[in-house]
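Below is one structure, written out as structure tokens; comments come after it.
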């Protein structure tokens, strides 16, 4: 258990019997009143944001999380299969559980799976993923400095805006936190 004044952004706590990630917190001491902590938190199960005012003396249960590096193997249409890179144990997760992470899953991709009390609660892809362009408009020779972008469909079905010099078959690096083109890795 920790005091409310020890809350920090990114920390995961158990509040109202559910896991919440602290998004922001502010410690306030108005005039001659007792201090309090105003915390904004995201429910890890539903994704909803809540704000709660804690007294400075309130104690909150800090969640003990385990992170495991896992390798994405394949999907069978219903489940996505992952293997622990140390113990070789396999788990399967649903598309709903994975959310937007599905758009970045290519075979042999290493992801971080976060567990709470032995159950997976989230999957975090790496910061960037290299993916092959399978569909886009033809490239324009010499178009390396313009600010114009065109849509490109990648091997997972994700569509991102890319510069005009990117062609079908090129491998590009995509930022997973923003879902944006970062750079061209190799050409077709």
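By count of other Cβ within 10 Å, fewest leading, how are 52, 20 ordered?
52, 20
Binning at 5 Å from 0, report for segment 65-124 what percent of all alpha-carbon pair distances ends up in each bin.
4, 20, 34, 28, 11, 2
Can you sort 34, 59 from fewest to most other Cβ atoms within 10 Å of each residue's own Cβ?
The most exposed by this proxy come first: 34, 59.
Taking Rh as the Kirkwood radius, which is the inverse of the mean 1/r over Cα pairs, what is the Rg/Rh value for segment 128-186?
Rounded to two decimals, Rg/Rh equals 0.92.
So if I average 1/r over every pair of distinct C-alpha atoms in the chain and take the inverse, what Kirkwood radius in Å does that give? Write down the numbers at each step before the final one.
Values: mean 1/r = 0.0516 Å⁻¹.
Result for the chain, one decimal place: 19.4 Å.
Assuming a viscosity of 1.306 mPa s and a temperature of 10 °C, what translational diffusion coefficient in µm² per second does Stokes-Einstein assign to segment 1-95, Rh being the Kirkwood radius over Cα pairs?
Answer from the Stokes-Einstein relation: 101 µm²/s.
No value in this document is a laboratory result; all are computed from the given coordinates. Everything numeric in this text was worked out from a predicted model, so none of it was measured. Note that we place each Cβ from the backbone using ideal geometry, even for glycine, and neighbour counts take in every protein chain shown.
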